[in-house]
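What follows is one structure encoded as structure tokens, with my remarks underneath.
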Amino acid sequence: MFFRVSVSLYVECTASAIQALVLFKKLYLGHRKNEIHNCITNVVRFIEDKQMPDGSWYGSWGICFTYVTWFALGGLAAAGKTNKNCLAIRRGVEFLLKSQRDDGGWGESYASCPNEKYIPLEGNRSNLVQTAWALMGLLHSRQAERDPTPLHKAAKLLINSPMEDGDFPQQEITGSFMKNCMLHYATYRNTFPLWALAEYMQNCISLSSVGEKLK
């Protein structure tokens with residue numbers, strides 16, 4: 001029996017590879033320098049070419065455009081791209097800012113995956129995991145240097161969302177595979193909000209100004 005193996009290229013995996021290669025360059029100066037440089041140049045082009053007309057990227061392992069826009073912005077930023085020198089970053093940031101909810105969060109429906117277009121959660125709801133992804137994407141793009149207000153709003157929502165026992169509430173499914181298989185990852189609800197808040201604290205505001213910014 002023979003099986004046909006399909007090879008797919010994923011923005012999230014590619015963006016992660018950029019970050020790994022950039023870190024490798026810092027740790028091992030000069031090792032295969034030209035090869036790594038050429039690889040990063042090519043994969044940056046791949047990410048830019050995969051961008052959707054609305055500025056987002058389509059996701060294969062999470063829901064969906066919010067998820068991969070975080071990865072794409074992180075990969076581009078690691079490669080030295082900024083809001084000033086990269087149209088893809090500017091368009092990605094615009095997508096995230098336009099889809100931010102009034103409460104400071106983001107919420108995307110699983111229906112985005114099979115329909116291959118951004119579909120918000122019904123009822124103008126926010127999802128804390130997706131809010132964390134979007135917040136980290138904006139942090140990668142140095143949104144704090146332009147207008148940190150959207151970051152403060154997102155962080156405030158995350159900070160005020162844990163339950164009495166400190167656990168974050170379980171909300172909508174945020175994992176996906178092959179467009180129509182939705183995956184539940186129980187630890188996501190805590191992992192990503194805490195990760196995003198740590199990034200926020202490190203990159204956005206000083207400890208002395210935390211209380212003032214989140215009022």
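What follows is calculated from the coordinates using simple rules that are stated; it is not laboratory data. Bear in mind the structure is a predicted one, so any value in this text is a computation, not a measurement. Every residue, glycine as well, gets a Cβ built from its backbone with ideal geometry; the counts of neighbours run over all protein chains shown.
Pick out, from Gly92, Gly105, Val43, the residue whose Cα sits farthest towards the positive end of the charge dipole of region 43-115, with +1 on the Cβ of Lys and Arg and -1 on the Cβ of Asp and Glu.
Val43
What is the projected area of the convex hull of the Cα atoms of region 1-128, averaged over all directions, in nm²?
Its average projected convex-hull area is 10.9 nm².
Which semi-axis lengths, in whole Å and largest first, follow from the square roots of five times the eigenvalues of the Cα gyration tensor of region 92-132?
Listed largest to smallest, the semi-axes of region 92-132 are 16, 13, 9 Å.
Return the Rg/Rh ratio of region 73-159 with Cα-based radii and a Kirkwood Rh. Could you put the intermediate results ahead of the total?
On the way: Rg = 13.0 Å, Rh = 13.3 Å.
Expressed as Rg/Rh, it is 0.98.
Excluding Glu48 itself, calculate the net charge of residues whose Cβ lies under 12 Å from the Cβ of Glu48, where each Lys or Arg counts +1 and each Asp or Glu counts -1.
Local net charge: +4.
Have a look at Gly105, Gly92, Gly166 and tell me which one the Gaussian network model of the chain (Cα, springs below 10 Å) gives the largest fluctuation.
Among Gly105, Gly92, Gly166, the largest mean-square fluctuation in the Gaussian network model of the chain belongs to Gly166.
Run the numbers on the chain and let me know its relative contact order in percent, using alpha-carbon pairs under 8 Å that are six or more apart.
Contact order relative to length: 19 percent.
Going highest first, how would you order 123-133, 178-188 by mean Cβ packing within 10 Å? Spell out each step's value before the answer.
Values: 123-133: 22.5, 178-188: 12.1.
Top of the packing list down: 123-133, 178-188.
In Å, the Kirkwood hydrodynamic radius of the chain over pairs of distinct alpha carbons?
Details: mean 1/r = 0.0557 Å⁻¹.
About 17.9 Å for the chain.
With only Lys, Arg, Asp and Glu charged, each at its Cβ (+1 for the first two, -1 for the last two), find how big the charge dipole of the chain is about the Cα centre; round to the nearest 20 debye. Could the numbers behind the result be given before it?
Details: 23 positive and 19 negative charges, 165 e Å.
The calculated dipole for the chain is roughly 800 debye.
Okay, helix-only estimate at 222 nm for the chain: each DSSP H run of n ≥ 4 adds -39500 (n - 2.57), divide by all residues, round to 500 deg cm²/dmol; what do you get?
Counting only the DSSP helices, I get -16000 deg cm²/dmol.
If you project the alpha carbons of region 4-66 onto their three principal axes, what span does each projection cover, largest first, in Å?
Computed over the Cα atoms, the extents are 37, 33, 18 Å.
If one computes the Cα centroid of region 50-72 and of region 128-145, what distance in Å separates the two points?
Value for the Cα centre distance between the two parts: 13 Å.
Leaving out same-chain residues fewer than 8 places away, which aspartates and glutamates sit with a Cα under 12 Å from that of Lys179?
Result set, ordered by chain and number: Glu116.
Under 25 Å from the Cα of Lys33, which lysines turn up, not counting those fewer than eight places away in the same chain?
Answer for Lys33, where 25 Å is the Cα cut-off: Lys25, Lys81, listed by chain and number.
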